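One structure is given here, and the rest of the page talks about it.
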Ligand SMILES: [Zn+2]
């Protein structure tokens, strides 16, 4: 999802419910932030290294669905067949379904328990939800016991290990006007964006058994991988953008469109398959059925409209990825100029950095949905702002890696997809617009302010539907995203981090990691104990305040002794920039491990006869330090002599207080960016 609430969230005055910091769990009986975190014991399914083990298993759900759009009544109706395969060692006497549309009923938990200002809320009088027909399991009628947005089916026979069942069911739903799906009313017709539009089997896993947290709105999705064969019947003048590959282009496209689509499959330049000028030109009567197949995906979304223009080009090197844009006239000229090329950049950038994009299509649709991701297809509403469209495109396609490929549980751990995605978006934006021009740049002060807000935000590990004070934007996106940047560029360094992060994706692509699997993998593959970082940044909500205490210097003897202190719960390595009277500067570091031994730590060195003029902690301002006033030491006894002032014009051009102006001849031991 694109975070639409963050700015407002930060502005909300939250004097309501302060989180008790003392309620933090006391890990391993130690109050030290460095203490080992008491993670679940490992086994053959999930290894201590953080990798999936030899006994790893996950369920599978393959779907064949026929669905018809009733444009007049803005509803969908269809029938589904699901082959559900039990790969666990456990016999299952019942299965649970996700019925996400039921969150849009007036009496749902989501409707009643959500605060009124959530962005996805439908009008109060909207009567949403699924209408379910008779369900059958292996041909026998079964009841679906519906409880809010989940449903239970007691099986006629237990489903044994290794066995499959065939679930079939008819269903219908009225399309909600907006949310993570919805309808855009354009000049040339309605754009329908459809997602979580069919009942689906919930996840049964080794961590929670059946995952039965109902969809309430903020918590997104956690679903099984499977193959989808979906037939979509729409008015004959509609164009359908579906997940995966179109299976029957000959039946639904004109000869000219077929030709242009084939051309696009060999072009890195954007090819217009249906231009805006053609909209409304050809209006055949009746209906057409568009058939799509999407393999190894965790759900199926699509969009349909008679108002679509359609562009495409390929990304990818070894395997071509058809990048497509579907948009109404109102999105011109931004979408026709750039949408496909933005998609190409994103697919290429993350493929090269993180893991190859595994599917053959990547489709972007312009409609009412602000920004939302589904496997191989995303929805983005931006029509005017170039930077805005790049940002939302990059973000939503970034989700193809997290969680579409690395299938984390979004309903519990939004940070594992939103935070990781916010993190990778930073570098993608820099690659596209040039270093220093990514929008997320320079966020340390903002992060510090939000971390130190009153009341203090909950820990990142809080489930999205349980986050107070509208802080989802900070806890799922901003804080974890910035934390990953710190971990890469400040704590581990890009090389060490990237190897470990790629290992995480390699291990868990098309599988479902827990937070612990991520934490353990990063430690295992980077070769570094990060308990202090996971606890401080993810499990707890403490803040950082590094400070310079006493400074003792005897230049003639060459002795410098600086006491650095850590005044709050959170710990980080220390970087100090020291300026001397002869114009030289150096940087010194204190490893984070020092804070395991003391909250005040002496740092000593030989100044080589030089007098210290100034010391600054965190000179590049990358740490979310809540009090920067105590980061600087100025030597008040030191007076600039005349010779220095007059003699060195190069120095006069520099703002000595701005660490970014440190000349390259001065020693610089650590950089905040790469
Ligand atoms: Zn997102």
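Summary of values
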item: Residue in the stretch 449-464 that is farther than 24 Å from residue 365 by Cα, within 12 Å of the ligand (Cβ to nearest atom), in contact (Cβ under 8 Å) with a residue 12 or more places away in the chain and in contact with a helix residue (DSSP H, G or I) (Cβ under 7 Å, 6 or more places away or on another chain) present; result: yes
item: Condition check for residue 589: surrounded by fewer than 19 Cβ atoms within 10 Å (Cβ to Cβ), outside any loop (DSSP other than H, G, I, E, B) and either out of contact with any helix residue (DSSP H, G or I) (no Cβ under 9 Å at 6 or more places or on another chain) or not assigned by TED's automatic domain parsing to the domain that holds residue 535 (or both); result: yes
item: Where a residue in the stretch 249-275 is in contact (Cβ under 8 Å) with a residue 24 or more places away in the chain and its partner, wherever it lies, is loosely packed, with under 14 Cβ neighbours inside 10 Å and part of a loop (DSSP other than H, G, I, E, B), with Cβ under 8 Å and at least six apart; result: 254/282
item: The stretch 332-389: number of residues that are within 16 Å of the ligand (Cβ to nearest atom), outside any strand (DSSP E or B) and over 18 Å from residue 429 (Cβ atoms); result: 5
item: Single residue of 575, 551, 563 found to be buried (at least 19 other Cβ atoms within 10 Å of the Cβ), outside any loop (DSSP other than H, G, I, E, B) and touching a residue at least 12 places away in the same chain (Cβ under 8 Å); result: 575
item: Members of the stretch 390-417 that are within 10 Å of the ligand (Cβ to nearest atom) and either in a loop (DSSP other than H, G, I, E, B) or closer than 23 Å to residue 204 by Cα (or both); result: 399, 402, 403, 410, 414, 417
item: Check on residue 507, touching a strand residue (DSSP E or B) at 6+ places or on another chain (Cβ under 8 Å), surrounded by fewer than 23 Cβ atoms within 10 Å (Cβ to Cβ) and in contact (Cβ under 8 Å) with a residue 12 or more places away in the chain; result: yes
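Residue-by-condition table, conditions (1) in contact (Cβ under 8 Å) with a residue 24 or more places away in the chain; (2) within 27 Å of the chain's Cα centre (by Cα); (3) crowded, with 17+ Cβ neighbours inside 10 Å:
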site	(1), (2), (3)
37	yes, yes, yes
43	no, no, no
49	yes, yes, no
62	yes, yes, yes
66	yes, no, yes
70	no, no, no
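The values are calculated or read from the model by the stated rules, or taken from the named source; none is laboratory data. Owing to the predicted nature of the structure, the values given are computational and were not obtained by experimental measurement. Cβ coordinates were reconstructed from backbone atoms using ideal geometry, including for glycine residues, and neighbour counts include every protein chain displayed.
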